[in-house]
């Protein structure tokens, strides 16, 4: 998907498009890589506004089994041709064949050439403005369909040059579409507000674009003149150098010393291998992997620290130029998220640190360790001797059972999508991209790519991605194109709510104490990684930006000191925070993305509250369905409030922690 990201301005790419890698595996969150996001990002930038204008749609990347539904523990990956047709996604639902794709491609090219006729005429009449915006939407929707087909063809066999050729061509076409539509926002912003409102009143059909107009007007004070916007764009390219330096250093130049197992066999250490080594049963292996990786980051701390300092100062400068009071306001306000939501999250999570300490102490005692260190946090608190494996059919049935509270219509649609509707490309094959995602575009089904191997994690991945796909399905079914996507802030709510419902069914069905403990441990660790850890990150971001705004120094030593203070506050005395942890900030790519990670914590809190309502309140399903169908028709907080979750108050976070505490209490009874 990075071919799409190159089309975006750096500001959107950095915040919404990058794959975050191994860190996300540790948190249980999913990477933010998008298919439909191409259009949202291009629309948002083209209109000179935040992604709320276009309503970015989240599409997740996620992780096989035989064509007969028997879980694979493969010695070799099958060829694409060996996968049963029924277990592949229905690419023909997008275009029957390449010939139809080519025809649509040429149609977009011809419409693209004609679109320039609208330049300089948007304020002529309401009818002219409506015609222009409809033409713009048609171009974007068609581009989304072309992009979906190209991506689907490419992702199932990345070695096939035909798929790569389609991707390359649609990438070039998208750049041309973006350039051709770039005049729309500046021209509308040049109109007096009274004139724009008069055009809206003159042409009732423009009502479908009300959300877009309201956002454009709301953010008018923060969108500068063409000259200033040009400078900001150039500044963004310069500031991108900082992120690129850190990324290249981490991904291309950095090498980690290998570790050895108890037999002296070398174990190669890399970012992907790190998480697996932290789950190793040999504590010395875990210790050595942790020390090796963190110490290596420490040796590069000055270079990465310099890059991070430049990125943070750049955020502060851009916020000032755009007339925001602070960098965090500049990051939150475009999506209509008040600072109080961020502060409330930090305050509420800080108040529950004693609960985290209690969980960590249970982990130490359950693992029978004299003390607990950071490298002990990922080894399973209860080891499974023979983990159960699931066929895909079994996984589908289990997921559908868990989704019963959402209503018969939801379950029926989900069943069709996962079976005869062929939304899902189920199994791994040679050349298929790794991970998983929910994708598609406004005119296509919400397809899902999986690499299903029959593990419990794969079942959770299925329901997670199904949550995204059902959110997309109901939004696209209900909303017109201008509001037919949803924002990043709410993207993880539907997917994580599905996970919570699946956990509930598994826990209700399980009678074996050890298996119940396994499930509880999974839930608790997900909370630790997603709420506590991401909020620690959010505090770190807030502090380093505040230092920059006060004119204080930003150095590697300062970053390490602040990171040490936060880890000490969250984890000690239950965990002995080793000195090398002070360098972990250099490993976290999120810190270059400006106030992003807090949304993982708010998303899980909201999803937990909603899942509890769905299990106890018969009217909750109707509200939840309305939420799934709302797209970007209102701001994210309003949509969640209508569903029953008010993130401007501590209540949803407090409810989430009650679930955490209840699970912790039961696990204590099972293990102690």
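Of the listed peptides 572-585, 193-206, what is their order by residue-averaged count of other C-beta atoms within 10 Å, with the highest listed first? Don't skip to the end; give the middle numbers.
Numbers: 572-585: 18.2, 193-206: 14.5.
Answer by packing, highest mean first, reads 572-585, 193-206.
How much mean residue ellipticity at 222 nm does the chain get from its helices, if each DSSP H run of length 4 or more adds -39500 (n - 2.57) and you divide by all residues, to the nearest 500 deg cm²/dmol?
About -19000 deg cm²/dmol.
Given 0.36 nm per residue, what is the gain on full extension from residue 616 to residue 127 after removing their alpha carbon distance, in nm? Could you put the intermediate results ahead of the total?
Numbers: separation 489, 0.36 × 489 = 176.04 nm, distance 4.93 nm.
Residue separation times 0.36 nm, minus the Cα-Cα distance, leaves 171.1 nm.
Report the label-to-label distance for residue 385 and residue 666 in nanometres (one decimal), using points 7 Å from each Cα along the Cα→Cβ vector.
2.3 nm
Spin-label point model (7 Å from Cα, Cβ direction): what's the residue 412 to residue 84 distance in nm?
The answer from the label model is 2.6 nm.
Looking only at Cα atoms, what is the convex hull volume of region 258-310 per residue, in Å³?
75 Å³
As an exercise, take the mean of 1/r over every pair of distinct alpha carbons in the chain, invert it, and state the Kirkwood radius in angstroms.
Mean inverse Cα-Cα distance, inverted, gives 25.9 Å.
Under the 0.36 nm per residue contour assumption, what length would be gained going from the current alpha-carbon distance of residue 510 and residue 110 to full extension?
138.0 nm
Taking only the Cα atoms of region 283-355, how large is their convex hull per residue, in Å³?
Details: hull volume 10.0 nm³, N = 73.
Residue-normalised Cα hull volume stands at 137 Å³.
Expected output is a single nm value to one decimal: the length gained when fully extending between residue 221 and residue 457, i.e. 0.36 nm times separation in residues minus the C-alpha distance. What is it?
80.3 nm
Does a label point 7 Å from the Cα of residue 235, set along Cα-to-beta-carbon, have any residues of region 321-340 with amide nitrogen under 15 Å, and which are they?
321-331
With the crude spin-label approximation of a point 7 Å out along Cα→Cβ, what separation in nm comes out for residue 303 versus residue 281?
Placing both labels 7 Å along Cα→Cβ, they lie 3.9 nm apart.
For a quick protection proxy, order the peptides 536-543, 366-373 by their average other-Cβ count within 10 Å, most packed first. Walk me through the numbers on the way to the answer.
Details: 536-543: 21.5, 366-373: 13.1.
Going from most to least packed, we get 536-543, 366-373.
What order do you get for 490-499, 91-100, 298-307 when each peptide is scored by the mean count of other beta carbon atoms within 10 Å, highest first?
490-499, 298-307, 91-100
If R0 is 45 Å, what FRET efficiency do you get for residue 97 and residue 182 from their C-beta distance, rounded to 0.05?
With R0 = 45 Å, the Cβ-Cβ based efficiency is 0.85.
Each reported figure results from applying straightforward, stated rules to the coordinates on display, with no laboratory input. Here the structure is a predicted model, which is why all the values come from computation and not from measurement. Reconstructed Cβ throughout: ideal geometry from the backbone, glycine too, with neighbour counts over all protein chains shown.
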